[in-house]
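Below: one structure, written as structure tokens.
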Amino acid sequence: MSLLIKGGLVVDPSRHLEEPLDLLVDKGKIVAVEPPGQIPENGRRIISAPGLVVAPGLVDMHVHLREPGEEYKETIATGTRAAVQGGFTAVAAMPNTLPVNDTAAVTRLMLDQARDAGNARVYPVGAVSVGSKGQGLSEYGDLKAAGAVALTDDGLPVSSSMLMRRAMEYARTFDLPIISHCEDLELRADGVMNEGRISLQLGLKGIPAAAEEVMVYRDLTLARLTGARLHIAHVSTGGSVAIIRLAKAMGLPVTAESAPHYFSLTEAAVLGYDTNAKVNPPLRTDMDVASIKEALRDGTLDAIASDHAPHSSLEKEVEFTAAAFGLIGLETSLGLTLKLVHAGELSLLQAIDRLSTGPAQVLGVAGGTLAVGAAADITLIDLNREWTVDASTFASKSRNCPFQGWTLKGKAVMTIVGGKVVWEE
């Protein structure tokens, strides 16, 4: 069935477009984008969109779907259902599953499960090293042939500088980006939150900003040496932002992301020992939050990614030091990002770019555009829809959300993948 989306504000960063237009979808593709009233209805399904934003489908380039191996926390079906309810038409699945996605077989399993679920597209990310153990490289050619779009040991850093150099050289031959989890494990030690006044107040061991920043510097240096495409995951500190900004000014092939919790929360969220605010890297300071926002504005950060990391109550309803790191974010990312738009800290075009066009370009996948001929992956957003975060209603299996009870303004009201409406409110 063809769809005619009428009367919406089309916001397409890939063409620097922000104007009222009608959009026609047929056979899974965008076939026309015209001024209002120019496309005949001709018995098509009409989606009336006055007052709504019509955006390229959102792409979350950093998601943990937990399948295979930890399906009690999340499955590909529940995770992609959470994605489409959050406005995401595609997600990149991190490889820290059980077993680790270091083989073509696991990659194909993920794709098969995503196809059966019929929700968001899933782009598997393969492991840099076998078992993510940092000792030997995975077979990148096999992973890419099976459908992997990038490489990372996310959840763990590649601690060996020589192994990371070899990984970059090997990945470059297959034109695969390396997504780096920047963390010096010796500096982190057994820290559980940001090192500073609040960690001292709570009697918790801290993780210094330097634990992230020294590895950002190392990997950027290796990217300069090898010419490999490098993407820095979950940037949390102002120091990291400054290093990445300098690397971009030097022309290095680097991109970077941050997550909504790094521009929405500070280390103060840990007060009361709230394990839902225990994340890795940890929540930082007001100055770091300001740096992340500025980096999103000026393009130092190319993408906003949720780092959706579901955990059950078994891992979260325990003492703080024993709790797992991570929070769920697929269903709150858009609303938290739109807070920046409503506050005038990001333009709407910038927000959609960081949530859609930017991530698609970093991964080198289809999406992030409403150009004629592109796949019809589309998100309709009501910018003025106020709603209260209630994790008990989420599609995700897990409930580890530090934003419970927050009132947000702006929500996805329809998600279209390949021309099919997969979710509507």
Say we look at the stretch 322-368 and pick out the residues that are hydroxyl-bearing (Ser, Thr, Tyr) and under 22 Å from Ala309 (Cβ atoms); which of these is surrounded by the fewest Cβ atoms within 10 Å (Cβ to Cβ)? Thr337
Looking for something modelled with pLDDT of 95 or more, under 21 Å from the mean Cα position of the chain (by Cα) and farther than 21 Å from Gly329 by Cβ - is there at least one such residue anywhere in the stretch 254-267? yes
Is it the case that some residue within the stretch 247-263 is closer than 19 Å to Glu345 by Cβ and surrounded by fewer than 23 Cβ atoms within 10 Å (Cβ to Cβ)? no
Is it fair to say Ala150 is touching a Gly at 6+ places or on another chain (Cβ under 9 Å) and closer than 30 Å to Ser333 by Cβ? yes
Of (1) assigned to a loop (DSSP other than H, G, I, E, B); (2) within 29 Å of the chain's Cα centre (by Cα), Asp22 fails just (1)
Residue satisfying all of: in the stretch 314-329; part of a loop (DSSP other than H, G, I, E, B) and of a type outside the set (Phe, Trp, Tyr); farthest from Ala391 (Cα to Cα) among these: Glu319
Screening Arg197, Arg165, Arg188, Arg172 for residues that are within 17 Å of Arg284 (Cα to Cα), surrounded by fewer than 21 Cβ atoms within 10 Å (Cβ to Cβ) and basic (Lys, Arg) leaves only Arg197
In the list Gly69, Gly86, Gly7, Gly28, which residue meets the criterion of being in the same structural domain as Thr332 (by TED's automatic domain parsing) and surrounded by fewer than 22 Cβ atoms within 10 Å (Cβ to Cβ)? Gly69
Leading residue by the ranking (nearest to Ala268 (Cα to Cα)) among those in the stretch 188-210 that are free of Cβ contacts under 8 Å to residues at least 60 places away in the same chain and among the aliphatic types (A, V, I, L, M): Leu200
Segments classed as helices (runs of 4 or more DSSP H), wholly inside the stretch 125-235, with at least 1 members that are closer than 30 Å to Glu67 by Cβ: 140-146, 161-173, 185-188, 210-226
When only residues in the stretch 291-313 that are assigned to a helix (DSSP H, G or I) and among the charged types (D, E, K, R) count, which is nearest to Gly251 (Cα to Cα)? Asp298
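If we keep just the residues of the stretch 107-125 that are without any contact (Cβ under 8 Å) to a residue 40 or more places away in the chain and either under 12 Å from the mean Cα position of the chain (by Cα) or buried (at least 24 other Cβ atoms within 10 Å of the Cβ) (or both), which is nearest to Ile304 (Cα to Cα)?
Pro124
The values are calculated or read from the model by the stated rules, or taken from the named source; none is laboratory data. Computed from a predicted model, the values in this text were never measured in an experiment. Note: ideal-geometry Cβ built from the backbone for every residue, glycine included; neighbour counts use all protein chains shown.
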